[in-house]
Structure formats: C-alpha cells, structure tokens
C-alpha cells in the first residue's frame with residue numbers, strides 16, 4: 001500500500017490500530033504485523049504512518065504505553081487499549097459497519 | 001477525558017521535551033531492532049538484517065518529524081520559535097527597535113493617561129452605594145432664552161420638594177465656606193459644609209461613630225450640631241472617642257459633636273466638617289442658594305420622580321411663564337455622575353481625540369518604518385519562500401514581531417502614562433476634579449492592552465500585505481528593491497500625519513491665544529506688590545456691626561504699622577475672585593424704579609488706594625463715611641454704562657437712600673452672573689464696610705469670607721508672619737488662612753485654561769516631533785535606497801544640489817499636501833472649540849499663518865538635513881559596489 005492511500009484512510013487506520021490491540025498489548029511492529037494479519041495482507045502500514053497514529057491515539061487517551069520486553073528480550077514500547085479506547089473501538093466499529101452497509105446498498109442499486 | 005488527556009500531553013511535550021525526544025528515539029531504534037530480529041529469524045545474517053531493516057523503515061528523521069509535527073502542542077511550539085526568532089531579529093536592529101518602542105511608549109502613554117481621567121470621571125461609578133439611583137435636578141427652559149442647566153433652588157422650592165416627592169430622598173447643601181474652629185487655645189480656619197437633614201442618607205453614608213443630624217437640629221434656630229470628617233477628627237482631635245457628645249467652639253459658638261464620618265469617604269461638597277443647614281424661606285433660603293441632590297427610593301422610577309418634581313413646583317413654573325411670556329420651564333433629573341462632570345466632559349473628550357490623533361501619527365510613522373524594513377528583508381523572505389515556506393508562515397513571522405514590539409511598547413507606555421498622569425494631577429489645583437482619585441485600574445490596563453494590539457495590527461497590516469507580492473527572482477538577486485508603490489504609500493502616510501499635526505498645532509495655538517488674552521486683560525488696578533489673606537467672619541462675634549467695624553479698623557491699622565507696608569484694606573471679594581450679587585433698584589431720575597442685578601462688595605476706605613484703582617469721577621470712601629452718616633456707594637464704569645447709559649452716576653440714588661459718590665474703573669472678576677468668559681468685567685457697587693447692616697453681615701459671611709490686602713513697596717521678609725501677628729493684636733482668636741498674591745489668585749481662576757494649554761500644547765509638540773521624525777526617516781531611507789541611482793546621476797553630470805532636490809522632492813510634495821489637507825481639516829475641526837475660546841476667533845489668521853510657517857520651516861529642515869549625506873556620495877565607489 002502506497003503512502004497516498006494510507007492518508008486517505010486515516011480514520012480507518014485508527015480503527016485498525018484499536019482493533020489490533022483488542023486482543024492484547026503489542027509493540028509498534030507487532031501492531032503493524034497484526035494489522036497485516038487481520039486484513040489478510042491487504043494493508044501494510046509503514047512506520048511513517050504508524051508512528052504518528054500511535055502517538056496521536058495515545059495523546060487522545062485511547063491508548064496507554066509502557067516499556068517492556070519483546071520475545072527476543074529486546075526493550076520496546078508496548079501499547080494497550082484504555083477503557084476509553086475500548087469504548088471508542090465499539091463506537092467506531094458500529095459506525096464503520098453502518099457506513100459499509102450503506103455503501104454496499106448504494107453500489108448495488110442500478 | 002479527551003481534553004484533559006490532550007492538555008496533559010501539551011504540557012508534557014512542551015516542558016519535558018528532552019525526555020519525550022529520548023523516548024521517541026528509543027522507540028524508533030527498538031522498532032528497527034525488532035524488524036532486524038524478524039529478518040534474522042528468517043535466515044539473514046545480522047549485518048544484512050540490519051541493513052534491510054533500515055531500508056525498509058525509511059528515513060528515520062523523517063518519521064520522527066511527522067510524529068513531531070502531529071504532536072499536541074506542535075502549533076504552540078512553532079509560535080514560540082517564531083517569537084524567539086523575532087526577538088533575535090529585533091535585538092540585532094537596535095535602532096529600529098528602539099525607535100518603535102519609544103514612539104509607541106509615548107503615544108500609548110499619552111492615551112493611557114487621558115483614558116485614566118476619562119475612566120475616573122465618566123466610567124467609574126461614584127463611590128456611593130447604588131450610584132445610579134442618585135441624581136441632580138435640572139431645569140429646562142423653552143422659548144426665548146432657552147437653556148438646560150442645573151440651577152440652585154430657594155427655600156420655598158426646597159420645602160415643596162421635600163414634602164411632595166415621596167419617590168425621592170431629597171437633600172440640599174448650602175455650600176462650603178471657611179469657619180473658625182477653636183480647640184483648646186488653637187484657632188484654625190477649616191472648611192465647613194452646611195447640609196440638610198438627609199444629605200448623608202442620599203449619599204448612603206453612615207457615621208462611623210455617633211449619628212446623623214436629628215430633625216430638631218435641622219430646623220431654624222434649632223440646637224447647634226456638627227459632624228466631623230475622619231481627617232479632621234484624626235488631625236485636630238487626635239482620634240479621641242470622647243469628643244463625641246462634647247461641645248466645640250465653632251464660628252464663635254458652642255456646637256455639639258454628634259457624629260464622626262468613616263475614613264476615605266468623599267462627598268460632593270468635600271468639607272472637613274458638616275453643620276446642619278437649617279433651611280427656611282428667609283435668609284439664605286430667600287435666594288436660589290441651595291444645591292439639591294436626590295436618591296430614588298426602592299421601587300420608584302425616575303419617571304415617577306420627574307412627575308412628582310414637576311407637580312411639586314407647578315405653581316412656580318406657572319409664575320415663571322407669567323413673568324417671561326412665551327417661555328416654559330420643566331424639571332427633570334439626571335444621574336448625579338453626569339451632572340458633576342458636565343463641565344469637564346467636553347474638554348476631556350477633546351483631549352482623548354487629541355491623544356487619538358497622536359496614536360494615528362505614531363502608527364503612520366511605524367508603518368513607514370516597518371515598510372522599509374520589510375523591503376530590506378525581501379532577500380531573506382525570498383530565500384525562505386524558495387525553501388518551502390508558505391506566504392502565511394512569512395506573514396505569521398512578521399505579525400509576531402509586530403506583536404512583540406507592540407506589547408513591549410505598550411508596557412513601557414503604561415509606565416509613561418503613569419508618570420504623565422501623576423504630573424498632570426500635580427498641575428491641577430486641589431478639588432479641581434470632582435473625584436477623589438484617578439487610579440490605574442483594570443479597565444485602564446485593559447484599554448492599554450487593546451490599544452497596543454490595535455496599533456500592532458495597524459502598522460503591521462500595511463507592510464505585511466506587501467510581503468505577498470515579493471518576486472522571488474528579483475528579490476534574491478538584487479540588493480535594493482525599487483518599491484515604487486511603497487514610496488507612494490509612505491508619502492500618503494506623511495501627508496496624513498502632517499494634516500493631523502496641523503489641526504493639533506492650530507488648536508493649541510488658539511488655546512494659547514485665549515490664555516494670553518485672559519491673562520493680559522487690563523486688570524483695572526495694579527496687581528503687583530499685593531499680598532492677600534482670608535479670615536472667617538462667619539462667627540457670632542462679628543454679627544454685631546460695631547464689633548465688625550472695630551475689627552476692621554484695628555486690623556488695618558495694625559497691618560499698616562508693618563515696616564514696608566504702604567497701605568492696607570479689607571474687601572468682601574477681590575478682583576479675579578467671584579463676587580456676591582444682589583438686586584439693586586434705581587431710585588431717582590428717569591430710571592426710577594428700574595431693577596437689576598449687580599455685584600456688591602464692601603470695602604474699607606483705603607481699598608481703592610491700596611489696589612491703585614483709578615477713581616474716574618467723584619470720590620472714594622473716607623473714615624467720615626460711618627454708620628450714622630449718609631449711606632454712600634461707589635459704582636464702576638460697567639454699572640454706569642448698564643444702568644445710566646454711560647452718563648455720570650455721581651449724585652444719583654439707589655436702593656432708596658444710598659447716594660453714589662464716585663465712579664471707579666472696571667476690574668476683572670470671575671464671572672458669576674453670566675455664563676461667559678472665566679474673567680470679565682461685571683457691574684459692581686462698592687459700599688463702605690462701616691455702613692453694612694447687621695442682617696447683611698450675618699448672611700454674607702455664611703457664603704464668603706473677606707480678604708485682607710496690603711500693598712508693599714517691595715518684597716518683604718516674613719511678611720506673612722508679620723501679617724498674622726498684626727491680626728492677632730486686633731483679635732487673637734481670628735486666624736488668617738492661606739496667603740496669596742494677586743498673581744496666584746489669577747492663576748487659580750484661570751486654572752482650566754492653563755491646564756488646557758499645557759495638555760494640548762504638550763500633545764501638539766509630541767505630534768510635531770513624531771511628524772518630523774517620520775519625514776526625516778523617509779528622506780534618509782530614500783537616500784540610502786537610491787544611493788546607486790544618485791551615483792549614476794552624478795557620474796552623468798548632475799550636481800550635488802540637483803541630486804538633493806531630486807531626492808527631497810517626494811518628501812516636500814507630501815509635506816505640502818499634508819499642510820493643505822490640515823488647513824482644510826481645520827475649517828471643520830476647530831469649530832468644536834468655539835466655546836473654549838475667548839478674545840480670539842475660531843479661524844484666527846495669525847494663528848493659522850504661524851502654524852503653517854512653523855511647519856513649513858520644520859519640515860524643510862527635516863527634509864534637507866538627511867539629504868546632506870548626498871554630498872558624501874562618491875559616484876565611482878557606488879558604481880563599483882555591486
């Protein structure tokens with residue numbers, strides 16, 4: 001995925017990040033890999049988009065961060081959903097579903 | 001939640017920047033490391049993995065920068081960077097920065113000082129409870145002689161008001177005058193105000209100790225009571241609580257102290273102690289000598305009050321219409337604050353206008369300066385734009401620099417304003433302003449801040465607009481941008497400044513001529529070598545005419561014994577002071593029965609000689625004019641002209657049996673009969689002090705204290721002490737209060753005019769200075785900008801003089817246009833000053849001519865001086881400089 005596409009879907013990126021952290025804490029690279037995984041390879045998020053998004057979500061209060069150890073015992077910054085973040089995830093999921101349904105209906109019409 | 005989190009983030013990002021950066025750096029490094037770990041796990045070598053990871057990551061610094069750009073508080077940080085950059089720029093150009101700050105400080109300071117006055121006089125509420133419920137009663141006359149003014153009321157009107165206006169709490173005061181207060185062996189001249197029963201209630205002031213007057217004490221011949229001000233209680237009685245209920249010796253009689261007022265309490269009459277007015281329809285109440293103030297009771301409205309007042313005085317209104325056919329009188333109430341500041345308001349507003357002019361002139365200067373600076377920085381701007389800055393970013397930078405200058409200038413301006421205000425207040429005589437103090441409060445500071453922001457917008461706006469039209473290529477390559485458009489703009493600014501300066505200079509010129517006219521009015525006597533002092537005869541000891549006569553005789557005789565004193569006399573009022581007026585009836589000849597008003601002044605026989613007033617016909621008074629001889633009088637020329645058509649008044653009779661024995665020259669007095677010039681000649685009748693009757697004596701000294709005056713052959717050491725001692729031999733318990741020369745009395749009477757001249761003159765001078773600075777800097781810039789062009793011209797054969805003329809021409813043209821515009825503006829603007837001018841017309845030729853000549857000369861020099869630098873230009877050198 002090119003940089004241009006990612007900026008168009010900034011809101012989508014936020015939702016993907018929140019979703020990816022729903023199962024548990026991840027570090028930055030982990031978030032990127034998880035998104036790749038749950039979208040079946042459709043979206044590859046580059047650091048240039050990932051880092052600003054993670055920091056923005058943290059400043060908004062939806063993520064919290066802490067330093068921990070990776071599998072290879074490398075120090076990395078881990079992110080987790082806050083309570084507000086979880087609530088925001090539900091809200092945005094519902095919103096996205098509504099939009100997707102509306103778009104599908106619109107495009108199916110002749 | 002989101003907002004709180006953001007605020008916390010902003011704070012963290014701004015104040016713990018290093019920590020945040022370290023974290024980001026560590027996070028990025030960790031990411032790259034993890035990426036490399038993945039690749040190593042997939043089989044790459046460590047070195048390969050690291051290289052691949054870095055390549056896949058992309059530009060580290062760029063990623064970090066995108067994070068920084070989107071961070072909370074990023075915008076603020078940018079602004080802060082602009083501020084630091086701007087400060088450095090300003091610091092490196094001390095000449096420009098200093099000029100701007102000084103210009104701003106002076107002009108904003110002037111505005112701050114004047115606005116403090118406006119604030120204290122008109123915007124701040126009076127220091128009483130619910131001041132909007134306090135009012136004064138005005139009288140509107142329609143028909144011939146229409147007027148709207150606050151007039152005094154007499155005893156009859158007072159009683160009608162008091163008894164028939166339940167919507168109001170009403171009170172009257174009889175004025176403030178000097179009285180003798182004896183405490184122990186010490187006698188002092190203090191200021192006493194006579195107030196009616198509910199005066200303090202109208203002001204909502206409650207005595208700190210004791211009580212207000214009781215109804216008995218405010219009835220004629222009621223018990224004598226006094227209320228002390230805090231200052232007097234502290235100063236004379238040492239804050240002794242026991243003085244309450246005791247008697248003090250006031251005006252020669254025992255008064256019981258019934259109350260003491262709280263500290264820092266101001267009343268409209270501003271006195272040191274208060275006694276009950278005891279109003280009636282006789283005596284004082286026989287004339288319109290009371291001043292009324294009222295307070296609306298709860299639940300009543302001003303319409304109710306006005307209706308009640310008109311009903312209460314309807315009989316009087318009808319009488320008025322009968323006496324003056326075609327005229328009608330109605331009464332209405334105005335808020336007290338408006339009434340008290342009525343005379344000062346137009347003058348203060350005029351001053352605000354002048355201060356506004358100065359600010360505009362300052363902004364014009366600053367706009368010109370900033371424009372030049374902008375042009376000089378065009379290469380820098382062009383470079384920044386080439387590097388990717390947007391026009392908005394460039395403009396933001398300039399706006400921030402202007403804002404910095406304006407804020408610093410405004411802050412210094414507050415300091416300047418405080419100093420100016422203090423100086424101004426020192427100039428004013430005591431009790432000139434109807435307010436107790438002029439503070440620098442929040443409203444004034446807010447005004448100053450707003451003004452600073454406004455000026456920064458004004459002088460920043462014009463040049464900032466030109467930043468948009470910077471042509472990249474030519475700006476980077478050439479060092480000097482021609483900027484023809486900017487020259488036109490600067491010329492327009494100069495013309496505007498000069499126009500405003502012309503108006504200010506003309507206005508102050510007219511005021512100066514008015515003051516000179518008033519001060520040099522033929523006095524009618526010789527004011528040099530005279531010393532005067534007042535003593536209070538509002539004292540039961542001097543109600544008896546015999547005692548009164550003895551006092552005058554003994555004191556004048558004692559004064560004449562002082563070595564160096566040529567003559568001494570006593571008069572009820574002196575020239576330059578306000579005289580008492582009364583009715584007079586002509587009693588003989590064809591004018592018999594005619595009535596009129598005249599000033600009345602009693603004098604001792606030596607008066608005309610002491611003042612060196614020429615006696616034009618008949619004689620002056622002698623010791624022979626005593627209490628049992630023919631009642632005589634001396635009138636002045638104005639009296640003769642008004643009542644006898646200029647014929648000699650000697651030998652005529654007035655007021656039944658008073659014989660006019662002499663005619664003297666007119667002297668200037670502070671106008672009391674008519675609303676006119678502050679100093680004018682009024683018709684006056686002089687009577688011998690020895691022939692004043694008891695009733696008149698008692699009444700007159702309630703309002704006015706007489707003056708003792710001596711003429712000396714030269715300045716005398718310790719004259720005032722000698723005068724005090726001489727008076728003590730005549731009566732040891734009668735102190736003199738305040739010694740003044742005639743010059744000082746004149747200055748007191750003309751205080752308003754002097755202050756007008758001082759203030760407006762100072763502002764006109766400031767405006768002139770600013771304009772001169774503006775013109776010189778314009779020409780200096782032109783010389784600097786066009787150095788190459790001049791070099792070329794001179795190389796091609798032009799002389800230095802021709803070059804000077806060519807360069808100076810734009811400035812001269814702008815100045816000439818400004819002068820013309822200013823003169824045109826005067827035609828309209830000066831008309832508002834009509835009421836302030838005496839002895840000089842609004843379109844006074846000499847004044848306008850002087851202004852034009854002065855400005856032409858000054859601007860000529862301002863234009864010529866900078867052009868002298870052209871002489872130092874070496875054509876060969878300038879051509880070589882590329």
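The values are calculated or read from the model by the stated rules, or taken from the named source; none is laboratory data. Small disclaimer: the values here were computed from a predicted structure and weren't measured. Methodologically, a virtual Cβ is constructed for each residue, glycine included, from the backbone with ideal geometry; neighbour enumeration extends over all protein chains shown.
Does residue B:86 satisfy the criteria of being touching a strand residue (DSSP E or B) at 6+ places or on another chain (Cβ under 8 Å) and either without any contact (Cβ under 8 Å) to a residue 24 or more places away in the chain or more than 14 Å from chain A (Cβ to nearest Cβ) (or both)?
The answer is no for residue B:86.
For segment B:708-729, a residue qualifies if it is more than 30 Å from residue B:185 (Cα to Cα) and either part of a loop (DSSP other than H, G, I, E, B) or in contact with a helix residue (DSSP H, G or I) (Cβ under 6 Å, 6 or more places away or on another chain) (or both), and the qualifying residues are B:711, B:713, B:714, B:715. Out of all the residues in segment B:411-441, which are over 15 Å from residue B:121 (Cα atoms), over 12 Å from the mean Cα position of the chain (by Cα) and surrounded by 15 or more Cβ atoms within 10 Å (Cβ to Cβ)? Scanning segment B:411-441 gives B:411, B:412, B:413, B:414, B:416, B:417, B:418.
Just one of B:378, B:406 is in contact with a helix residue (DSSP H, G or I) (Cβ under 6 Å, 6 or more places away or on another chain), surrounded by 21 or more Cβ atoms within 10 Å (Cβ to Cβ) and at pLDDT 85 or above; which is it? None of the others qualify; the one that does is B:406. When residues in segment A:19-35 are screened for being in contact with a helix residue (DSSP H, G or I) (Cβ under 9 Å, 6 or more places away or on another chain) and away from every other protein chain (no Cβ under 14 Å), 6 of them pass.
Evaluate the following for residue B:225: is it farther than 30 Å from residue B:433 by Cβ and touching a strand residue (DSSP E or B) at 6+ places or on another chain (Cβ under 6 Å)? It is true that residue B:225 is farther than 30 Å from residue B:433 by Cβ and touching a strand residue (DSSP E or B) at 6+ places or on another chain (Cβ under 6 Å).
Take residue B:536 and tell me if it is more than 23 Å from residue B:755 (Cα to Cα) and assigned to a loop (DSSP other than H, G, I, E, B). It is true that residue B:536 is more than 23 Å from residue B:755 (Cα to Cα) and assigned to a loop (DSSP other than H, G, I, E, B). Would you check if there is a residue in segment A:74-96 being part of a loop (DSSP other than H, G, I, E, B), in contact with a strand residue (DSSP E or B) (Cβ under 6 Å, 6 or more places away or on another chain) and either more than 11 Å from every other protein chain (Cβ to nearest Cβ) or exposed (fewer than 14 other Cβ atoms within 10 Å of the Cβ) (or both)? There is no residue in segment A:74-96 that is part of a loop (DSSP other than H, G, I, E, B), in contact with a strand residue (DSSP E or B) (Cβ under 6 Å, 6 or more places away or on another chain) and either more than 11 Å from every other protein chain (Cβ to nearest Cβ) or exposed (fewer than 14 other Cβ atoms within 10 Å of the Cβ) (or both).
Of everything in segment A:37-49 that's surrounded by fewer than 16 Cβ atoms within 10 Å (Cβ to Cβ) and either within 10 Å of chain B (Cβ to nearest Cβ) or under 23 Å from residue B:33 (Cα atoms) (or both), which residue is modelled with the highest pLDDT? This residue is A:37. Only residues that are within 10 Å of another protein chain (Cβ to nearest Cβ) and more than 26 Å from residue B:74 (Cα to Cα) were counted across segment B:31-45, and they come to 8. Among the residues making up segment B:248-261, a single one is closer than 14 Å to residue B:235 by Cα and out of contact with any strand residue (DSSP E or B) (no Cβ under 6 Å at 6 or more places or on another chain): B:261.
Checking every residue in segment B:506-514 against the condition of being part of a helix (DSSP H, G or I), out of contact with any strand residue (DSSP E or B) (no Cβ under 8 Å at 6 or more places or on another chain) and under 29 Å from residue B:732 (Cα atoms) gives zero matches. Taken over segment B:696-707, the criterion of being outside any strand (DSSP E or B) and under 15 Å from residue B:606 (Cβ atoms) is satisfied by B:706 alone.
Given the structure, is residue B:28 buried (at least 17 other Cβ atoms within 10 Å of the Cβ), at the interface with chain A (Cβ under 8 Å from one of its Cβ atoms) and either in contact (Cβ under 8 Å) with a residue 12 or more places away in the chain or in contact with a helix residue (DSSP H, G or I) (Cβ under 7 Å, 6 or more places away or on another chain) (or both)? So residue B:28 passes the test.
Scanning segment B:664-695 for residues being within 28 Å of the chain's Cα centre (by Cα) and not in a strand (DSSP E or B) gives a total of 8.
Every residue, every condition in (1) surrounded by 19 or more Cβ atoms within 10 Å (Cβ to Cβ); (2) touching a helix residue (DSSP H, G or I) at 6+ places or on another chain (Cβ under 6 Å); (3) assigned to a helix (DSSP H, G or I), yes or no:
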| position | (1), (2), (3) |
| --- | --- |
| B:249 | no, no, no |
| B:257 | yes, yes, no |
| B:265 | no, no, no |
| B:319 | no, no, yes |
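Any residue in segment B:361-372 that is assigned to a helix (DSSP H, G or I), at pLDDT 85 or above and surrounded by fewer than 17 Cβ atoms within 10 Å (Cβ to Cβ)? No; the residues of segment B:361-372 include none that is assigned to a helix (DSSP H, G or I), at pLDDT 85 or above and surrounded by fewer than 17 Cβ atoms within 10 Å (Cβ to Cβ).
Taking helices (runs of 4 or more DSSP H) as the structural unit, those lying wholly within segment B:730-798 and holding at least 1 residues that are touching a helix residue (DSSP H, G or I) at 6+ places or on another chain (Cβ under 6 Å) correspond to B:751-785, B:787-795.
Considering only segment B:1-25, state which residues are within 11 Å of chain A (Cβ to nearest Cβ) and not in a helix (DSSP H, G or I). If the condition is that a residue be within 11 Å of chain A (Cβ to nearest Cβ) and not in a helix (DSSP H, G or I), then B:1 is the only one that fits.
Of everything in segment A:50-66 that is more than 9 Å from chain B (Cβ to nearest Cβ) and more than 11 Å from residue A:17 (Cα to Cα), the residue that is surrounded by the most Cβ atoms within 10 Å (Cβ to Cβ) is A:64. Scanning segment B:195-239 for residues being in a helix (DSSP H, G or I), surrounded by 17 or more Cβ atoms within 10 Å (Cβ to Cβ) and more than 36 Å from the chain's Cα centre (by Cα) gives a total of 2. Looking at B:654, B:692, B:669, B:687 in this structure, which one is buried (at least 21 other Cβ atoms within 10 Å of the Cβ), under 19 Å from residue B:622 (Cα atoms) and modelled with pLDDT of 90 or more? Residue meeting the stated conditions: B:687. Take the residues of segment B:55-78 that are more than 11 Å from chain A (Cβ to nearest Cβ) and modelled with pLDDT of 85 or more: which is farthest from the chain's Cα centre (by Cα)? Result: B:55.
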